[in-house]
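The next block holds one structure in the form of C-alpha cells; read it before the comments.
The values are calculated or read from the model by the stated rules, or taken from the named source; none is laboratory data. A quick note: this is a predicted structure, and the numbers were derived from the prediction, not measured. As a convention, Cβ positions derive from the backbone with ideal geometry for all residues, glycine included, and neighbour counts pool all protein chains shown. When the accessible area is computed, the model is the full protein with side chains, heavy atoms only, and any ligands, DNA or RNA have been set aside. Shrake-Rupley method; radii C 1.70, N 1.55, O 1.52, S 1.80 Å.
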Amino acid sequence: MAHESSRAVGDINHNGNALIQLGMHGTHAMFGLTTKSRTTWGHEALYEASDYVDGFTQAETVQAEGIVSGTKIHSEHGWRPIEAIQPGDKITTFDNGPRAVAQVKRAQLWTGQGNCPRHALPLAVPAGALGNATPLLLLPEQNVMIESDLAESVFGDPFAMIPSAALEGYNGITRIEPMGTTEVFVLEFEEEQVIYANGAGMIHCQAAAHDRRGIEVFLEDNTQGYASLPIETARALVAALDSCEG
C-alpha cells in the first residue's frame, strides 16, 4: 500500500463553494480520503477532566465519546434503546450487515460538581438534520458519518467521517445543558463499524480493545478502519455544506 505526504489546506470562498484540498500521511482505503486520520488506537473515551481543564480535581471525569441513553439503535430485531443492547446482540452495520457486539461499556457524561464543561456538552440534533427520523443527542467527540454531494466532489466519496463537534450550528444543531445524570454507552465490535441511530444517523463504533492495533499495522492494512477528518477540516466541510444548502 503506497503512502504519500502532503499538506492539508482548507478554505471556503465568498460564494460558499468548498475549496478544500486535503493531503495525508497515509491513504485511507474505506473512503479514499486524502486526509490524516484522527487515530483512536488504544483510546478510551473517558478522560480525566484535570488533564486538560484547569481547576478540576482528579475525581472529575467527562465522557466525551459514546452513545447517550435513550438513543435507538437498529438491530436484527428492529430498533432498540441503547441501554437494552448486550454483548452478543447483532447490530445492523453500514458496511458489514449484522455484527455481534463484543463489549458494552457505560459511564456518566460528567461526574464533577456543578455544570458539565461546555466542550463536553452534547449536541442536540433536530429530526432530519442528519437524516435521523427523530431528535438525536451526540457527544462532541463521537465520530459520525455524513453523506453529501460536496463530500464526493472533494474526496471522491459521498461519505465522510467527522467529529460531532464540527456539526455545531448546522441545520439547527446546538449544544444543550443536560438535565440530571446523563448515562453514556460505548459499543465495541470485533472490528470498527458504523451503525444506525434514530433512523439514518450513522455513528462510528470502535473495535474491542483486544483487536486494536498499532498505527503502523493499521496503515499497512487497507481493509480495516475508518478515518475521521481533523476537526478544522470537518468544520470547513460543514460550513461549505451550510452555504450550499442555505
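Key figures
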{"item": "Answer from Phe155, Phe189 - the residue that is open to solvent by less than 50 Å² (accessible area, probe 1.4 Å), more than 26 Å from Asn115 (Cα to Cα), aromatic (Phe, Trp, Tyr) and modelled with pLDDT of 95 or more", "result": "Phe189"}
{"item": "Identity of the residue in the range 50-76, at pLDDT below 95 and β-branched (Val, Ile, Thr), that ends up surrounded by the most Cβ atoms within 10 Å (Cβ to Cβ)", "result": "Val62"}
{"item": "Extreme residue, surrounded by the most Cβ atoms within 10 Å (Cβ to Cβ), among residues of the range 120-135 that are touching a Ser or Thr at 6+ places or on another chain (Cβ under 7 Å) and not in a loop (DSSP other than H, G, I, E, B)", "result": "Leu123"}
{"item": "Subset of the range 137-168 [closer than 10 Å to Leu123 by Cβ and in a loop (DSSP other than H, G, I, E, B)]", "result": "Leu139, Pro140, Gln142, Glu168"}
{"item": "Residue ID - surrounded by the fewest Cβ atoms within 10 Å (Cβ to Cβ), chosen from residues in the range 79-113 that are more than 29 Å from Met179 (Cα to Cα) and charged (D, E, K, R)", "result": "Asp95"}
{"item": "Scope the range 63-110; condition within 17 Å of the chain's Cα centre (by Cα) and in a loop (DSSP other than H, G, I, E, B); matching residues", "result": "Ala64, Glu65, Gly66, Ser69, Thr71, Phe94, Asp95, Leu109"}
{"item": "Exclusive hit being surrounded by 14 or more Cβ atoms within 10 Å (Cβ to Cβ), under 13 Å from Leu237 (Cβ atoms) and at pLDDT 95 or above, set Ile146, Ile203, Ile173, Ile195", "result": "Ile146"}
{"item": "Inter-residue pairs, beta-carbon under 6 Å, first part of a strand (DSSP E or B) and in the range 176-201, second basic (Lys, Arg), 6+ apart", "result": "Phe185/Arg106; Val186/Lys105; Phe189/Arg99; Gln193/Arg99"}
{"item": "Pair list, Cβ under 6 Å, 6 or more apart: the range 226-243 residue crowded, with 22+ Cβ neighbours inside 10 Å, other residue at pLDDT 95 or above and of a type in the set (S, T, N, Q)", "result": "Ser228/Asn143"}
